[in-house]
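Worksheet: one structure, shown below.
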């Protein structure tokens, strides 16, 4: 699997994991429900594009079904990412369509790619998004209102 498609599969992860967590095995069903959360909705759309739309009584792919049973399991999340990466590698047209969906999802939700944050050393602070308030690491740091 090419490195670029591994990255795409990684970037899809928050969307597809949220969708599987919200819908369970019914995530691929054709039902016309509106998702309350944009991330979940985009995840469902992406999963349906990758795996196809199914009838509610149809079997879902094993990786989706297993993650639906345990959505917080990071190992199962990784299994789904690997399966998605393999499918995208095998079908360049699908990969292009999914990239377009990912760009649309990122624009609609404000998410952009995967953020990795590392804090190292005594008193270090790490933030994955904007910090909107004071940050203190202790050591008698006073916090004053501006």
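The values are calculated or read from the model by the stated rules, or taken from the named source; none is laboratory data. As the structure is a prediction and not an experimental result, all values here were calculated from the model. Note that each Cβ is placed from the backbone with ideal geometry, even for glycine, and that neighbours are counted across all protein chains shown.
Of the conditions (1) modelled with pLDDT of 90 or more; (2) surrounded by 14 or more Cβ atoms within 10 Å (Cβ to Cβ), residue 96 clears all except one; give me its number.
(2)
Suppose we filter the stretch 67-86 for residues that are under 15 Å from residue 7 (Cβ atoms) and crowded, with 18+ Cβ neighbours inside 10 Å; how many remain? Full working, then the answer.
Going residue by residue through the stretch 67-86, those that are under 15 Å from residue 7 (Cβ atoms) are 78, 81-82, 84-86.
Then keep just the ones that are crowded, with 18+ Cβ neighbours inside 10 Å; that gives 81, 84-85.
Count: 3.
Which ones in the stretch 38-47 are surrounded by fewer than 19 Cβ atoms within 10 Å (Cβ to Cβ) and touching a helix residue (DSSP H, G or I) at 6+ places or on another chain (Cβ under 6 Å)?
Start the filter on the stretch 38-47 by keeping residues that are surrounded by fewer than 19 Cβ atoms within 10 Å (Cβ to Cβ), which leaves 38, 45.
Scanning the stretch 38-47 gives a single hit, 38.
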